[in-house]
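Remarks on the structure that follows.
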Amino acid sequence: MHNRWWRDAVIYQVYPRSFADSDGDGMGDLPGITGRLPRLKDLGIDAVWLSPFYPSPQNDAGYDVADYRAVDPLFGDLGDADKLIAEAHNLGLKVIVDLVPNHTSSAHEWFRQALAAAPGSPERDRYIFREGRGPDGALPPNSWTSMFGGSAWERVPDGQWYLHLFDVSQPDLDWGNREVREEFLAILRFWLDRGVDGFRVDVAHGLVKEETLAEYDYPTAVLGGLEPVGPPPPMWDQDGVHEIYREWRELLDTYPGGRILVAEAWVQPAERLARYVRPDEMHQAFNFLYLEAPWRADALRDTINTTLQANDEVGATTTWVLSNHDVVRHASRLGLPPGHGRLHGIGPEDPQPDTALGLRRARAATLQMLALPGSAYLYQGEELGLPEHTTMPHEHRQDPARARSGHTVVGRDGCRVPIPWEADAPSYGFGPSDASWLPQPAIWAEYALDRQQGVPGSTWELYRAALAARKEHALGSGSIAWQLPGDSGFSAPSGGPGAGDDGADVLAFRNGDVLVLTNFGAAPVSLPEGATVLLTSEPLDADGRVPTDVTVWASI
Ligand code: GLC
């Protein structure tokens, strides 16, 4: 059904700074994106999600928004946004924009007014200002820490403190304030009226804080609500957030064409996350449990089961994601030595990923992901097999998490490097000049689109073929049935180191008429009698068996 397009959609994340630069200033822009949309259509995606392009001091790469109803001159203007939306729609692509409601930039008009106004004023009440502790209020109101490191509180000249769960230039809004809610409803209308098909909601689990701002002395991960220890954190996943999304949903439902809300919520377990996608709330939530699962058959099987079940219970489809602008690209993450599961950056001093192994596994992982029922999110450059830029000299790095953590966190710049389109052009075809806001490594030439288009076996062609086959076999709207070696017609791994007769190293399922099999073990695995291979992430061995770290789609 047209209005439910998102249930099985493949949604491609464009990171505007790094996608395509039309004017040669080294910063990607909206006309650059519009010009390249035909390539994305050609890839076979259904929708694009654009990371923020709004006016911003760019202290957190645009996730510090100073004006929610305009375009930063770095990226163009509102006319360019309109053209982008129109061109995408002409091509049959949907457009999702990023909405950052947890905090504004400190350069936002509201925050300027708050600083100019007195404690207790309505201007301050839009944010979370509090008195400090200690005799002269010189201690922060509580022990909360910023996701980027350091205290989550900053003192202003008159002695009050304001909360910022992220950078000091990202003050948290007070969602208990009706004026804040009205303002965001108006912002939603502004973009809905311009024709956008949905919103990716930044830090969707953070808007409401526990009322008393109770102490919380447990470690909080950078960007994460995925808390390994401690009681439920008072700043994340409070029940009150759901009321906000119900109100937004009501508004979206008054618009035609299936407009959607996607939660970026680092919440676990899966049942808590599924609460964001109940029928009267959001449509989708990113499945970070899948992204974080280790490269093992049992771990992935459990994650897939758990998330499918949790979503089924609320009648939602599941999403799948392996990379985005906040995590190490999966082509590098999956090539790290065991025990180095770094998520938020790899620096030159760190153990380096095995590039070939990482790419091999990344291709296998993607082929598995694209066969799962529900919606899949791709991050720009993964269709080229791009690795993380792990050796970027630190002086180029801009992620505020790096400075705020006292340089203990490398930061997320390595996955944000402008992407290569043409091997022999300046800035690898990112723009008309050599300029690039983050340095591109020389190996980018190998990954450029023009080196991959029409080349059998290239990562680009693998993604294209997979997206086409996914549509043809309706995998996105299917359902899965696990297959175990021992099931009729399915033979067990045929010996060798690491092979178990129990199929522990194999993950296999059927989705409609397609058998999907990933071999995690060292020994090759045979396909069932009569299976016809549709796609493989790497060639099969000489005996037609599935080698290690390979995914196969076969029709049976
Ligand atoms: C989200 C964004 C991330 C940003 C943070 C603060 O996690 O994806 O890039 O730094 O929110 O807005």
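The values are calculated or read from the model by the stated rules, or taken from the named source; none is laboratory data. Computed from a predicted model, the values in this text were never measured in an experiment. Please note: Cβ atoms are built from the backbone with ideal geometry, for glycine as well, and neighbour counts cover all protein chains shown.
Computed values, structure above
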{"read-out": "The range 524-556, residues that are surrounded by 14 or more Cβ atoms within 10 Å (Cβ to Cβ), farther than 16 Å from residue 461 by Cβ and among the small types (Gly, Ala, Ser)", "value": "526, 531, 554, 555"}
{"read-out": "Pairs, first touching a residue at least 40 places away in the same chain (Cβ under 8 Å) in the range 83-102, second aromatic (Phe, Trp, Tyr) and in a loop (DSSP other than H, G, I, E, B), C-beta under 6 Å, six or more apart", "value": "100/63"}
{"read-out": "Exclusive hit being among the charged types (D, E, K, R), under 21 Å from the mean Cα position of the chain (by Cα), under 28 Å from residue 47 (Cβ atoms) and more than 16 Å from the ligand (Cβ to nearest atom), set 292, 281, 243", "value": "281"}
{"read-out": "All positions within the range 63-76 that are more than 15 Å from the ligand (Cβ to nearest atom) and touching a residue at least 24 places away in the same chain (Cβ under 8 Å)", "value": "67, 69, 71, 74, 75, 76"}
{"read-out": "Test: residue in the range 399-417 that is under 18 Å from residue 19 (Cβ atoms) and away from the ligand (no atom under 16 Å from the Cβ)", "value": "no"}
{"read-out": "Number of the condition not met by residue 438 [criteria: (1) out of contact with any Leu (no Cβ under 6 Å at 6 or more places or on another chain); (2) farther than 30 Å from residue 150 by Cβ; (3) in contact (Cβ under 8 Å) with a residue 12 or more places away in the chain; (4) not charged (D, E, K, R)]", "value": "(2)"}
{"read-out": "Flag if residue 496 is in a loop (DSSP other than H, G, I, E, B), at pLDDT below 95 and more than 16 Å from the ligand (Cβ to nearest atom)", "value": "yes"}
{"read-out": "Qualifying residue in the range 312-321 (condition: surrounded by 22 or more Cβ atoms within 10 Å (Cβ to Cβ), over 25 Å from residue 404 (Cβ atoms) and within 16 Å of the ligand (Cβ to nearest atom))", "value": "yes"}
{"read-out": "Filtered residue count, the range 440-472, keeping only those that are assigned to a loop (DSSP other than H, G, I, E, B), surrounded by 16 or more Cβ atoms within 10 Å (Cβ to Cβ) and aliphatic (A, V, I, L, M)", "value": "1"}
{"read-out": "Pairs where the first residue, in the range 161-173, is closer than 20 Å to residue 399 by Cβ and among the small types (Gly, Ala, Ser) and the second is in a loop (DSSP other than H, G, I, E, B) and modelled with pLDDT of 95 or more, C-beta under 8 Å, 6+ apart", "value": "169/57; 169/59; 169/60; 169/64; 169/105; 169/106; 169/107"}
{"read-out": "Candidate set from the range 387-396 (those that are buried (at least 21 other Cβ atoms within 10 Å of the Cβ) and touching a Leu at 6+ places or on another chain (Cβ under 8 Å)); member that is farthest from residue 348 (Cα to Cα)", "value": "387"}
{"read-out": "Criterion: closer than 20 Å to residue 470 by Cβ and out of contact with any strand residue (DSSP E or B) (no Cβ under 7 Å at 6 or more places or on another chain) - qualifying residue of 401, 299, 316, 356", "value": "316"}
{"read-out": "Subset of the range 221-239 that is under 18 Å from residue 342 (Cβ atoms) and within 13 Å of the ligand (Cβ to nearest atom) - its residue that is modelled with the highest pLDDT", "value": "221"}
{"read-out": "Which listed residue is over 17 Å from the mean Cα position of the chain (by Cα) and among the acidic types (Asp, Glu), from 312, 326", "value": "312"}
{"read-out": "Out of 324, 311, 305, sole residue that is of a type in the set (S, T, N, Q) and free of Cβ contacts under 8 Å to residues at least 40 places away in the same chain", "value": "305"}
{"read-out": "Hits in the range 160-183 - residues which are of a type in the set (A, V, I, L, M, F, W, C), within 16 Å of the ligand (Cβ to nearest atom) and surrounded by 21 or more Cβ atoms within 10 Å (Cβ to Cβ)", "value": "163, 165, 166, 173, 175"}
{"read-out": "Qualifying residue in the range 82-91 (condition: surrounded by fewer than 14 Cβ atoms within 10 Å (Cβ to Cβ), more than 16 Å from the ligand (Cβ to nearest atom) and more than 28 Å from residue 282 (Cβ to Cβ))", "value": "no"}
{"read-out": "Yes/no for residue 197 being buried (at least 18 other Cβ atoms within 10 Å of the Cβ), within 16 Å of the ligand (Cβ to nearest atom) and touching a residue at least 12 places away in the same chain (Cβ under 8 Å)", "value": "no"}
{"read-out": "Condition check for residue 348: under 19 Å from the mean Cα position of the chain (by Cα) and either modelled with pLDDT of 95 or more or more than 16 Å from the ligand (Cβ to nearest atom) (or both)", "value": "no"}
{"read-out": "Helices (runs of 4 or more DSSP H) contained in the range 316-422 and holding at least 3 residues of a type outside the set (Gly, Ala, Ser) and within 30 Å of residue 260 (Cα to Cα)", "value": "355-369"}
{"read-out": "In the range 503-523, the residues that are part of a strand (DSSP E or B), of a type in the set (A, V, I, L, M) and surrounded by fewer than 21 Cβ atoms within 10 Å (Cβ to Cβ)", "value": "none"}
